[in-house]
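J.: Here it is, the structure in full.
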Amino acid sequence: MSRSMRTYHDPLHGAITLDGTDEVEALLKALIDTPEFQRLRRIRQLGPASLTFHGAEMSRFTHSLGAMAVARRAFDRLASLYKELREHRATVLCAALLHDIGHGPFSHTAEEIFGSHHEQWTIAIIKRSLTIRPLLDAFHPSLWQSITQVYTHTHPIPCVWQLVSSQLDCDRIDYLMRDSYFTGAAYGQLDLDRIVLALNYDPVSQQLIAERKGLAAIEHYLVVRSFMYAQIYNHSKNLSATWILEQAFDRARELLTRGELTADETVTAWLIDPSDQLSLEAYLAGDDIVFTYHLQRWQQHSDSALRDLCQRFLNRRLLRVLEVTYATPAERESLLESVQQQLLAEGVDAHRYSGLKHTWSKGYSVYQRGIKIQTPRGLKDIKQLSGLVRTLCEPAQRTWLIHPKEIQVGVCPLPEEELANSNSLIATP
């Protein structure tokens, strides 16, 4: 193979090969080699979910490559049919490759713990990085701006940003396939070939659309997304691991502020400074390795709460998470009060070791123009054509009571009609 060629062997997409004689793919190779992108190797795709699904060890690096591969496949097909799209290849492929470069430690979990927003940091890195920005500028002075227009959904050609960030985009397609594969959730085997072949471009509205022949494959994609949120992303043990991490770093912040804890410069900045005021250098220095190392150090700390929380996370001694969705708000508060009274009697910080957690998910919404299907009577939103998708539009909120396993909790019985519905294929997205 020529030295200008580079291949990444991916378990989902096979050989992802970049041709250095192609100016866009040469740029992709250079972007992958930057420290900012290599940092994604040190950030797990699903945060602490590997404590629940032991195969979920993949990184944001692998997902970002996969998203780019899907985007390239879809875009190149459309560009072969519509020559007006060809000039936007660098924008689409670079935006797909870099879309997650702003993720912090433990991926989305960092946003819950530190209040950061990876989308904002992605734009900041592209705009201000001393390695990425020069590469983009050398290709074209306005490329970085076009890429940020993709992330803010302001690019003048909607199809360009919809391929990267919409209800049916390369990011979601890859993460559903990848997360399903590595967690062992067999229902995530999307028909990628049929989805890609169904995607089309409407020259009038300049948006991404789908042919009706791909309706079943897209319905399956939306059902899979609903299942993944219910069974993987909002799994009770994931909620417990996230809760413990949140409490551990919150306690560390308290002790650090009082001068009773030591941390390196990076973790100190993340704990003390507001997330949107971190320097770019401090933000990029944060990854799973740095923060997990501190959790390991703090296992021996004199503070009993911090010590216990760190040990719980590292040794997978998770708190119990009990679903109380079907209890009334008053019943939930009563259950929580009972738990906290028992904890207080044991001399335990009740609010740090117990609480109510809410999760919310929807299988489909008309987000960023939704999914438009080409019909003989013009473009129609997919929910107008599919009863299945209309069902998925119904929001679902679930509520969980978190507490130590040693605490006894009385549980309200599940109503018979709700129990019957809970066995439905799509009743609880």
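J.: Out of TYR229, GLY387, ALA56, whose Cα points farthest toward the positive end of the dipole of the chain (charges: +1 Lys, Arg; -1 Asp, Glu; placed on Cβ)?
T.: GLY387
J.: Return a whole-number percent for the relative contact order of the chain, with Cα pairs under 8 Å and 6 or more residues apart as the contact set.
T.: On the way: 633 pairs, mean separation 63.9, N = 429.
Averaging sequence separation for qualifying contacts and normalising by length gives 15 percent for the chain.
J.: With no solvent and one equal point scatterer per Cα, compute the Debye intensity ratio I(q)/I(0) for the stretch 183-246 at 0.22 Å⁻¹ and report its log10, rounded to two decimals.
T.: Cα-only, vacuum Debye calculation for the stretch 183-246: -0.89.
J.: Right, something else. Taking square-rooted eigenvalues a ≥ b ≥ c of the alpha carbon gyration tensor, is the chain rounded, prolate or oblate, where a/c under 1.5 means rounded and, failing that, a/b exceeding b/c means prolate?
T.: Since a/c reaches 1.5 but b/c is at least a/b, the shape of the chain is classed as oblate.
J.: Also, I was wondering about something else. Cα-based Rg of the stretch 65-191 per 2.2 N^0.38 Å, rounded to two decimals?
T.: 1.10
J.: Around ALA285, with a cut-off of 10 angstrom between Cβ atoms, what is the net charge of the other residues, counting Lys and Arg +1 and Asp and Glu -1?
T.: -3
J.: Convert each backbone phi in the stretch 282-292 into a coupling constant with the Karplus relation 6.51 cos²θ - 1.76 cosθ + 1.60 (shift: θ = phi - 60°), then list the ³J(HN,Hα) values in order as whole Hz, x for Gly and Pro.
T.: 5, 5, 5, 6, x, 8, 4, 5, 4, 6, 5
J.: What number, in nm² with one decimal, is the all-direction average of the projected area of the convex hull of the alpha-carbon atoms of the stretch 243-395?
T.: Working: hull surface 57.1 nm².
Computed as one quarter of the Cα hull surface, the answer is 14.3 nm².
J.: How much of the accessible area of the chain, in percent, comes from carbon and sulfur atoms when a 1.4 Å probe is used?
T.: Roughly 50 percent, rounded to a whole number.
J.: Could you pull out every residue, at least 5 positions away or on a different chain, whose amide H is within less than 5 Å of the one on ASP202? Hs are placed 1.01 Å off N in the peptide plane, and Pro or chain starts have none.
T.: Those lying under 5 Å, H to H, from ASP202 are GLN207, ILE209.
J.: I'd like to compare 35-47, 296-308, 164-176, 205-217: which one has the highest average count of other Cβ atoms within 10 Å, and what's the full order after that?
T.: Taking the mean over residues of other Cβ atoms within 10 Å, the ranking is 164-176, 35-47, 205-217, 296-308.
J.: For the stretch 158-224, with every protein chain kept in place, what is the accessible area per residue (1.4 Å probe, Å²)?
T.: Details: 2180 Å² over 67 residues.
For the stretch 158-224, the per-residue accessible area is 33 Å².
J.: Give me a comma-separated list of calculated 3J(HN,Hα) values for the stretch 314-320, in order, Karplus coefficients 6.51, -1.76, 1.60 applied at θ = phi - 60°, integers in Hz, x for any Gly or Pro.
T.: 5, 9, 6, 9, 7, 6, 7
J.: Could you state, as a whole-number percent, how many of the C-alpha pairs of the stretch 186-320 are farther apart than 24 Å? Each step should come with its number before you reach the end.
T.: Details: 4869 of 9045 pairs.
In whole percent, the share of Cα-Cα pairs in the stretch 186-320 beyond 24 Å is 54.
J.: Between ALA241, HIS220, GLY104, whose Cα lies farthest towards the positive end of the dipole of the chain when Lys and Arg beta carbons carry +1 and Asp and Glu beta carbons carry -1, centred on the Cα centre?
T.: HIS220
J.: Per residue Cα convex hull volume for the stretch 131-258, in cubic angstrom?
T.: 177 Å³
J.: May I pose another question? Using a probe radius of 1.4 Å on heavy atoms only, what accessible surface per residue do you get for the stretch 251-387? Whole Å² is fine.
T.: Each residue of the stretch 251-387 exposes 51 Å² on average to a 1.4 Å probe.
J.: Just to confirm, what accessible area per residue do you get for the stretch 1-88 at 1.4 Å probe, in whole Å²?
T.: On a per-residue basis, the stretch 1-88 sits at 44 Å².
J.: Across the stretch 92-100, in residue order, what do the Karplus-derived ³J(HN,Hα) couplings come to in whole Hz, using 6.51 cos²θ - 1.76 cosθ + 1.60 with θ = phi - 60° and x for Gly and Pro?
T.: Once rounded to whole Hz, the list reads 5, 6, 5, 5, 5, 5, 9, 4, 10.
J.: First select every other residue whose beta carbon is under 10 angstrom from the beta carbon of THR375; then total the charges, Lys and Arg +1, Asp and Glu -1. Don't skip to the answer; put the middle values down first.
T.: Details: positive: ARG212, LYS372, ARG377, LYS380; negative: GLU211.
Neighbourhood net charge equals +3.
J.: When the convex hull of the Cα atoms of the stretch 225-264 is projected onto a plane and the area is averaged over all directions, what value comes out in nm²?
T.: Values: hull surface 14.8 nm².
Reported value for the Cα convex hull: 3.7 nm².
The values are calculated or read from the model by the stated rules, or taken from the named source; none is laboratory data. Computed from a predicted model, the values in this text were never measured in an experiment. We place every Cβ from the backbone using ideal geometry, glycine too, and count neighbours over all the protein chains shown. The accessibility values were calculated without ligands, DNA or RNA, using every heavy atom of the protein model including side chains. Shrake-Rupley method; radii C 1.70, N 1.55, O 1.52, S 1.80 Å.
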